[in-house]
1. Testing the spin-label approximation: label points 7 Å from Cα along Cα→Cβ at W358 and D231. State their distance in nm.
2. So how much slack lies between R163 and D307, counting 0.36 nm per residue of separation and subtracting their Cα-Cα distance, in nm?
3. On full extension of the chain, what length is gained from A424 through V99, given 0.36 nm per residue of separation minus the C-alpha to C-alpha distance?
4. Calculated FRET efficiency, A448 and R256, Cβ-Cβ r, R0 45 Å, to nearest 0.05?
5. Specify the inter-centroid distance of the stretch 239-304 and the stretch 413-438, based on alpha-carbon positions, in whole Å.
6. With labels modelled as points extended 7 Å from the Cα through the Cβ direction, what inter-label distance (nm, one decimal) is found for T384 paired with A55?
7. Rounded to the nearest 5, what % of the DSSP beta bridges within the chain are antiparallel ones?
8. So, counting K/R as plus one and D/E as minus one, what does the shell of residues with Cβ under 15 Å around H385 add up to?
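Just so you know, all these numbers are worked out from the coordinates, no wet-lab data involved. Small disclaimer: the values here were computed from a predicted structure and weren't measured. Glycine gets a Cβ as well: all are built from the backbone with ideal geometry, and neighbour counts include every protein chain shown.
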Amino acid sequence: MNVHDSERLAGQLEEAGYVPAAEGAAPDLVVFNTCAVRENADNKLYGTLGHLRPAKDANPGMQIAVGGCLAQKDRGEIVKRAPWVDVVFGTHNLGSLPVLLERARHNAEAEVEILESLETFPSTLPARRDSAYSGWVSISVGCNNTCTFCIVPSLRGKERDRRPGEVLAEVEALVAEGVLEVTLLGQNVNSYGVEFGDRQAFSKLLRACGAVDGLERVRFTSPHPAAFTDDVIEAMAETPNVCHQLHMPLQSGSDRVLKEMRRSYRAARYLSILDKVRAAMPDAAITTDIIVGFPGETEEDFQATLDVVREARFSSAFTFQYSKRPGTPAAEMPGQLPKEVVQERYDRLVELQNDIAWQENKKLVGRKVELLVATGEGRKDAETHRMSGRARDGRLVHFTPTGPAVDREVRPGDVVETVITYGAPHHLVADGDLLTHRRTRAGDNVAAGLRPKTDGVSLGLPSFGAPKAVPVTGGCGA
Ligand code: SF4
């Protein structure tokens, strides 16, 4: 969500006349788009602001703006702790940034503007997209749930849904520019439609994406187990361009802890959803989020989480050690656990999950996969002479871009088919000749250094601009 918000911030700054600073040059403007989900985000932000102070002293005309969740939470506190910050804006008024910068410059004093509810849906703002082949599309913002560990509802507000026509118009605008893959984005995609009274709105939206010519891959994040309904599973299975990938946050396998977390499903319901998904899509890759060490978690509760993990056979999991977020109910709960206990449980969970992921990945050796070639996903690609891409199920594959099927050269944004030769815990390797290579418009655009720039909502068509260093940082923490 924050990464996509950063695309919107960059888009509107460009529209206001800002241009990205040349690499290595001192910028006139630095914008931080912050996240408050993890505890150390605060430390990182204030530490980084401290590092920027000498640059600001040397160039008083330089402006520094702080936005996003941490700004929504800390508000005026930011300019108290770092008086060299010029603008603070929250999650509900991304669109005010250019005006606030102008006002701060004119008045020669800091502008702090935090709104309590959404002013304009961020998708109405222009966006400067990071990728030529893959795009985020927001379907909703905010969340109506009240998970006791989560700061999101207090910082992002109640759920607001975008109309399906607007979502589809944005999807079509991206595809018209050669984008092959979209990820539909919401805090809780399964409750999409609650605002306009259609409980099946999300499955209908998936099916409507299936009718967009040229759209090859549709993903979404995140669903919620309590609201996940069979019509979504059917739409996933029956819509050819919807990827068989599901990120389904578990958080805990203990029913008692789930209740304390105010997560309204139980372990049995969670596992029954996975059974249904796998019955409909046997090749589905299922990933999850798990929190270890929630207040009051006993060894028995933790064992229940391990049991679900053993049964669920996740292809990967984001595992977190519980950390207090001030302002959340869980921060005040009794039974906060010592760090050593949490760490020891966490290590056991990671060991188990890595082992399962490795076993599952080894089963894929010999399987043919279709990859959308990616940029920046393989740190060792240069030394191994491989490239990297994502399979349809979301798995990361490092592959050798050679063989008679290669049409000139393989570029990020192109589509290839290959066979898996090795399965590691966190990635796959395909070292044989490519079976096929399809050059795409997205690949042409990557090669030409172009990225889509979309106007807000459905109005107007996207255009391309040459990418340079983007003047907006991509969040500071989680
Ligand atoms: S559903 Fe997700 S975003 Fe909403 S309160 Fe729970 S954890 Fe936070």
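1. 4.4
2. 47.8 nm
3. Using 0.36 nm per residue and subtracting the Cα-Cα distance, I get 112.1 nm.
4. The value I calculate is 0.20.
5. Cα centroid of the stretch 239-304 versus Cα centroid of the stretch 413-438: 29 Å apart.
6. About 3.3 nm, to one decimal.
7. Roughly 40 percent of the beta bridges in the chain run antiparallel, per DSSP.
8. Around H385, the charge tally is -2.
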